[in-house]
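Just below is one structure, and these are the notes that go with it.
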Amino acid sequence: MHENSVFEQLALWNPHHTHPKETLSSGRERGAVYTRQETVDFILNLVGYLPGKPLHKFTLLEPSFGNGDFLVRVVERLVTSYLAEHGLDTAVNDLQNAIVGVEIDPSAAQETVERLTELLSRFDFDLEQICSLLGSWLRNDDFLLFDIRTRFDFVVGNPPYVRQELIPDWLMAEYRSRYETIYDRADLYIPFIERGLKLLKAGAVLGFICADRWMKNKYGGPLRAMVARGYHLKYYVDMVDTQAFLSDVSAYPAIFVISRERGGKTRIAHRPKVEAEVLDRLAPALAGGEGPSSVPVVEVGNVINGSEPWILDSLDQLNIVRRLEASFPLLEDVGCKVGIGVATGADKAYVGRFDELDVEPDRKLLLVTTKDIVSGSVQWQGLGVVNPFNHDGTLVDLDSYPKLKKYFEARRAVIAGRNCAKRNPHAWYRTIDRIYPELVKEKKLLIPDIKGEANVVYESGRYYPHHNLYYITSAEWDLRALQAVLRSGIARLFVGVYSTQMRGGYLRYQAQYLRRIRLPRWSEVSKELQDKLKEAARRGDTEECNHVTFELYGLNANERAALGGNGN
């Protein structure tokens, strides 16, 4: 039997797309990352799709089946379960409604057809039976637009990871009109999760592996709120730095199982080895606490709280965070302000050697970048940024600045080619972010976006920060003292609990996480502690910063130990 003949005979399952315009059909465009067999089996075990059950009596949805990593294992379990009790004569009738698989990419779908054809042939299904089953199970369409009018007992898979800027505007507008959770810069897997959850029967479960960013960051807020309203996060498995996929990925993956029922406690495991023996033991340990597992499993309550980030890490550190949140105000409520440096959209045009920027003197500012602060203090490398803004935020009149006009005109192709310039051609020479020249003269703390530990650098008021630097200014706190606090384990505690961790243990020290740090009011800190904090920062002694900061917050010996400090 020729495998391609099955695909050719399944023309009826390749329906007309709802929108015959351009689609995300290539593997790269649609965020295709294929999943290891051990990972697939683990997820199927975790959701309870087990060969020992009468699986033909249940329904399963795979919303983005790609080249069949999940579906091959699903079909193998389904058929094995069925044939243990029944024969081939009734199989097509009994199995045809057990699976719905959707895939937008025809070439990936064809590969799945070929794999399933070979699998079903091994179970002695003939060509006609195979065509009937695959014709019932598989759909070549966009899951987010495809009309599905049934609900499912299981939804499993690895949804596509696609950034909004890669999706055509017309298609993104259609998605937004249909899905409430697409917010801010949400990636495509967000509406996949939303629709998957809404297609669950009461008590049914969804098991996905995908990026974990939505669980903590801004764009995941609406989806977290939706889960809080009617679902239960049953299991969470952190898969960062594991070989969960068939290729290396830069995303930070996690496996999660969510059921359509009232919430309860969440069982959590971290970074298991992707080996069949390890995962086969971990699944029952997570699901019911049964049997030995080499990977510790913890049970946590109150993970879900409206749209708030999910805290799924160290319980002892979580307890410290909760106590500090109950005892101290937010950083921005005690006179501090968090901001981010300028994004120009075309650094090759706006950024250069300060002395070589041939514009009027008041049209350029000294620029500090991450490279300037790697030593722990500002070692300026000589760069500057061109400033097209007046102090009131309006753009300068180029006719009033002949040098600036000549400078921009010489680089017009690069500057006007940016999306922000195309959207607003009259303001073609503005930077993406507004520049506030008065910020240059303010004393500030500079913090790089990505770090293992907080590299907090004091800047005395000479430079404008570049876009990979966050900055903190304060009208109340002494910035040297604040530098000591942010260099301590307290900063990593809050950022680590609320942010997604990157490969190698690095954290994103972004504004949304820095703003969650709690601080006492400066006026309520004793003069003795104020002086100790400033001296610790001046000396650049991390251990001393920890010691004094722990005293500032009144941490006990156990809390200090949990943050990597000592009990003294």
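The order of Tyr235, Tyr458 by accessible area, most exposed first and with a 1.4 Å probe, is Tyr458, Tyr235. Remark: accessible surface ordering of Arg281, Arg434 (largest first) is Arg281, Arg434, probe radius 1.4 Å. In the context of the full set of protein chains, residues of the chain present 44 Å² of accessible surface per residue (probe radius 1.4 Å, heavy atoms only). Within the set [x] 136, 58, 35; [y] 84, 63, 35; [z] 86, 66, 54, the number that Cα extents along the principal axes in Å takes when calculated for this structure is listed as [y]. Name the residue farthest towards the positive end of the dipole of the chain from the options Pro425, Gly288, Leu404, assuming +1 on Cβ of Lys and Arg, -1 on Cβ of Asp and Glu, about the Cα centre. About the Cα centre, the residue reaching furthest to the positive side is Leu404.
Per residue, what volume in Å³ does the Cα convex hull of the stretch 140-200 take up? Could you put the intermediate results ahead of the total?
Values: hull volume 5.7 nm³, N = 61.
Looking at the stretch 140-200, the number lands at 94 Å³ per residue.
Here the relative contact order of the stretch 63-193, from alpha carbon pairs under 8 Å that lie six or more residues apart, stands at 31 percent. In the chain, the DSSP beta bridges split such that about 65 percent are antiparallel, to the nearest 5. A cut-off under 12 angstrom between Cβ atoms defines the neighbours of Trp310, and their net charge, with Lys, Arg +1 and Asp, Glu -1, is -1.
When the convex hull of the C-alpha atoms of the stretch 22-157 is computed, what volume per residue in Å³ does it have?
Measuring per residue, one finds 106 Å³ for the Cα hull of the stretch 22-157.
Among the trypsin sites (Lys or Arg not before Pro) within the stretch 463-496, not one is in coil by DSSP while having at most 10 neighbouring Cβ atoms inside 10 Å. Taking the stretch 88-188, which trypsin sites (Lys or Arg not before Pro) meet the DSSP loop condition and have no more than 12 other C-beta atoms within 10 Å? Here the sparse-neighbourhood loop sites are Arg149, Arg163, Arg185. Spin-label model, Lys406/Glu476: points 7 Å from Cα along the beta carbon direction are separated by 5.1 nm.
Extension gain, Glu308 to Lys201, is 35.9 nm, computed as 0.36 nm per intervening residue step minus the present C-alpha separation.
Taking a ≥ b ≥ c as the square roots of the Cα gyration tensor eigenvalues, the stretch 515-568 comes out oblate, since a/c reaches at least 1.5 and a/b does not exceed b/c. Computed on the chain, with alpha-carbon pairs under 8 angstrom and 6+ residues apart, the relative contact order is 12 percent. In a reduced charge model with +1 at each Lys and Arg Cβ and -1 at each Asp and Glu Cβ, the chain shows a dipole moment near 1880 debye about its Cα centre. Relative to the longest principal axis of the Cα atoms of the chain, the long axis of helix 527-539 makes an angle of roughly 80 degrees. Note on Thr80/Ala427: beta-carbon distance plugged into 1/(1 + (r/R0)^6) with R0 of 56 Å gives a FRET efficiency of 0.30.
What's the angle, to the nearest 10 degrees (0 to 90), between helix 276-288's Cα axis and the longest principal axis of the chain? Tilt of helix 276-288: around 90 degrees. Only Cα pairs under 8 Å and 6+ residues apart enter the sum, and on that basis the relative contact order of the stretch 316-390 stands at 27 percent.
Is there a pair in Lys371/Lys441; Lys337/Lys405; Lys265/Lys337; Lys234/Lys444 whose C-alpha atoms are over 32 Å apart, and which pairs would that be? Walk me through the numbers on the way to the answer.
Working: Lys371/Lys441 21 Å; Lys337/Lys405 34 Å; Lys265/Lys337 36 Å; Lys234/Lys444 43 Å.
Where the Cα-Cα span goes over 32 Å, the pairs concerned are Lys337/Lys405; Lys265/Lys337; Lys234/Lys444.
Spin-label pair Asn556-Glu180: with each label point 7 Å from Cα along the Cα-Cβ axis, the two points sit 4.2 nm from one another.
Its residues counted as N, the stretch 163-243 yields a C-alpha radius of gyration over 2.2 N^0.38 Å of 1.14.
Between Arg434 and Val278, the contour length at 0.36 nm per residue exceeds the Cα-Cα span by 51.0 nm. Only protein atoms count toward the accessible area here, which uses a 1.4 Å probe; on the chain, the carbon and sulfur part of that area reaches 46 percent.
Residues whose amide H falls under 5 Å from that of Gly264, counting only those 5 or more places apart or on a different chain, are Leu233, with hydrogens built in the peptide plane.
A crude spin-label estimate for the pair Ser107 and Asn319, with each label 7 Å from Cα along the Cβ direction, gives 5.4 nm. Compute the angle between helix 489-498 and the longest alpha-carbon principal axis of the chain, please, reported from 0 to 90 degrees and rounded to the nearest 10. The angle comes out at about 40 degrees. With all protein chains in place and ligands, DNA and RNA left out, the 1.4 Å accessible area ranks Ile340, Ile99 as Ile340, Ile99, largest first. 3J(HN,Hα) couplings calculated from phi for the stretch 69-81 with the Karplus curve 6.51 cos²θ - 1.76 cosθ + 1.60 (θ = phi - 60°) are, in sequence order, 3, 7, 5, 4, 6, 4, 5, 4, 5, 4, 5, 4, 4 Hz; Gly and Pro show x. Diffusion coefficient of the stretch 400-493 by Stokes-Einstein, Kirkwood radius over Cα pairs, 10 °C, 1.306 mPa s: 99 µm²/s.
The values are calculated or read from the model by the stated rules, or taken from the named source; none is laboratory data. In this text, all values refer to a predicted model and were calculated from it rather than measured experimentally. Cβ atoms come from the backbone with ideal geometry, glycine included; neighbour counts cover every protein chain shown. Side chains included, ligands, DNA and RNA excluded: accessible areas come from the protein's heavy atoms. Shrake-Rupley method; radii C 1.70, N 1.55, O 1.52, S 1.80 Å.
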